[in-house]
Amino acid sequence: MVMEYKFNIYDTPKNFKNKKLVIIFVVAIAFAVSLAIYSYFKRPEPTKSAPSVATDSLYIFAPKDGVKLVQNVIEVKAGISEKQRADEIMNELKRQKCVPEKLTLYDFATDEDGVMYLNFSKELLDDKSAGTSREITMTYAIINTFISNFKNINKIQLLVEEHPTETINGVMYIYKPIEFKKDLMED
């Protein structure tokens, strides 16, 4: 005697229904894990900004309209040496045409009384075409700028080739140390 059993989809054993639930559950978990992995790798990378560089401000006094000085601010890398600071100042004074292009600051020194000695090349005296206002503004552009950018400095002594000089072009007496001149500042 042979028994025949017809398989009916609606007449499934109970453990087959449990297997079906387990398969659906496993597929749902696999889908959730796949979605999480996709979103993790798909998310945009944070933008890498350039590391910020600390800066210091330098105050440059340049002539405006020939007779007044206006203060400009430039940023330089923080922590530079005094020599580098002086070089940056000279470069900016040249760029703004406050001093002759070929003028060189050989060296500088400061004494205990707060006087800074700036030793320039002879080009400081070479600008014979400069008028009265040019000599005054050039001198005070140098004086005010250096006093403003170095600590504990209250006067500047200009030297040419290591020697004090009476005047640049006969207008202003510079044999002795000179103080910051606020009167020339633009209001």
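Structure above, values below:
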| quantity | calculated |
| --- | --- |
| q = 0.09, 0.14 Å⁻¹, segment 44-181: log10 I(q)/I(0) [Debye, one scatterer per Cα] | -0.29, -0.62 |
| Sorted by Cβ neighbour density within 10 Å, fewest at the top, the residues Phe120, Phe31 | Phe31, Phe120 |
| Cleavage-rule hits, trypsin sites (Lys or Arg not before Pro), segment 119-186, DSSP coil, Cβ neighbours within 10 Å at most 15 | Lys128, Lys151, Lys181 |
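Bear in mind that the values in this text are calculations on the coordinates, not laboratory data. Please read these numbers as outputs of a predicted model, since none were measured by experiment. For neighbour counting, all protein chains shown are included, and Cβ atoms are generated from backbone atoms with ideal geometry for every residue, glycine included.
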